[in-house]
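Take a look at the structure below.
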Amino acid sequence: MKKYALIFPGQGAQYPGMGKDFAEAFAVAKNTFEEADDILQENLSKTIFEGPETELTKTKNSQLGIFVVSAAILRSLPELKPAICSGLSLGEYTALWASGRLSFKETLLLVQKRALFMNEACESTKGTMAAVLGTIDVDAAIQEIPDVWVANYNCPGQTVISGTQEGVEAASIALKNAGARRILPLQVHGAFHSGLMKRAQDSLAPYVTKAPIVDSDVDFVMNASGDFVSGIDEIKKLLTLQVTHSVRWEQGILAIEKKKVDLYIEIGCGKTLAGLNKKIGVLAPTVSAEKLTDIDEVVSQLRSLCNY
């Protein structure tokens, strides 16, 4: 039986106007944005469609915006029955919803708490991040440097570090000395997936514990483990730990590869995950559903795969 995986982007992929073409073309997408506004009791859709970019980039808005846009796009597609769902950082919550484990409303409210607590942590403890390019042992190079962590294992030759400004600067020097090809400072709101997010993790934990997550027959690959996770208690544990722990995206995709999926569908803003899949070397094709013009290609791939 042919099978496909849905993958969802995380924070950083946002831009003003994202998802607007779907809202104008599909009633179900328009209704998704309106539903989110009603649940949140705020005009999030206006910020998503019109910006300004400085407002949309704030963690408390970008996380909510990316989730709602991905949901609106997914709902606009013909009904999908994925074998596997996964998402990068914030995208893990979209995958939680898309796999049928949590309702749209409950997921949105949980993302709202996550975004708020992480936004507060960013404001109270200033931090930064940097992308490390080159095939080196990043963990070994930074292990003696305080206040810096590996935030993302994205793909071969691309790792992200996170921490205080001083920690990231010291780590950048050590990484260059260890043979890193390039260190790229990232324009981010804070030090995500690092120890500086501990306050946010502790605040979020009770809400994750109370979330009415249910079982699903759709496989779920999570960031903190970089592997398949099934038990509800384990899912809740890893959702909480993800705030401060490394995103093991490459490891998670390699775990999916072992299941021999026939197609990856990236749903949401940007085409970053398709690019990472290429660098990881997945065997199946990856198609991205970001714009209205992408739908024909997605449906064509599904038809050829599953007699869709």
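The values are calculated or read from the model by the stated rules, or taken from the named source; none is laboratory data. A quick note: this is a predicted structure, and the numbers were derived from the prediction, not measured. Cβ placement follows ideal geometry from the backbone for every residue including glycine, while neighbour counts extend to all protein chains displayed.
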Members of segment 212-239 that are out of contact with any Asp or Glu (no Cβ under 9 Å at 6 or more places or on another chain) and among the hydroxyl-bearing types (Ser, Thr, Tyr): SER216
Filter result for GLN165 (surrounded by fewer than 20 Cβ atoms within 10 Å (Cβ to Cβ) and at pLDDT below 95): no
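Determine whether segment 65-82 contains at least one residue that is more than 29 Å from ASN277 (Cα to Cα) and charged (D, E, K, R).
Kept after step one, since they are more than 29 Å from ASN277 (Cα to Cα), are these residues of segment 65-82: none.
Scanning segment 65-82, I find no residue that is more than 29 Å from ASN277 (Cα to Cα) and charged (D, E, K, R), so the answer is no.
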Filtered residues of segment 257-295 (kept if under 28 Å from ALA191 (Cα atoms) and of a type in the set (A, V, I, L, M, F, W, C)): ILE267, CYS269, LEU273, ALA274, LEU276, ILE280
Members of segment 261-275 found to be over 13 Å from the mean Cα position of the chain (by Cα), touching a residue at least 40 places away in the same chain (Cβ under 8 Å) and outside any strand (DSSP E or B), listed by number: VAL261, ASP262
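For every residue, the table says whether it meets (1) crowded, with 19+ Cβ neighbours inside 10 Å; (2) touching a residue at least 12 places away in the same chain (Cβ under 8 Å); (3) within 30 Å of ARG303 (Cβ to Cβ).
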residue	(1), (2), (3)
LEU56	yes, yes, no
ALA72	yes, yes, yes
GLU106	no, yes, no
LEU109	no, yes, no
LEU116	no, yes, no
MET129	yes, yes, no
GLY134	no, yes, no
ASP139	no, no, no
TYR153	yes, yes, no
Residue within segment 43-51 that is over 25 Å from ASN119 (Cα atoms), surrounded by 17 or more Cβ atoms within 10 Å (Cβ to Cβ) and within 20 Å of the chain's Cα centre (by Cα) present: no
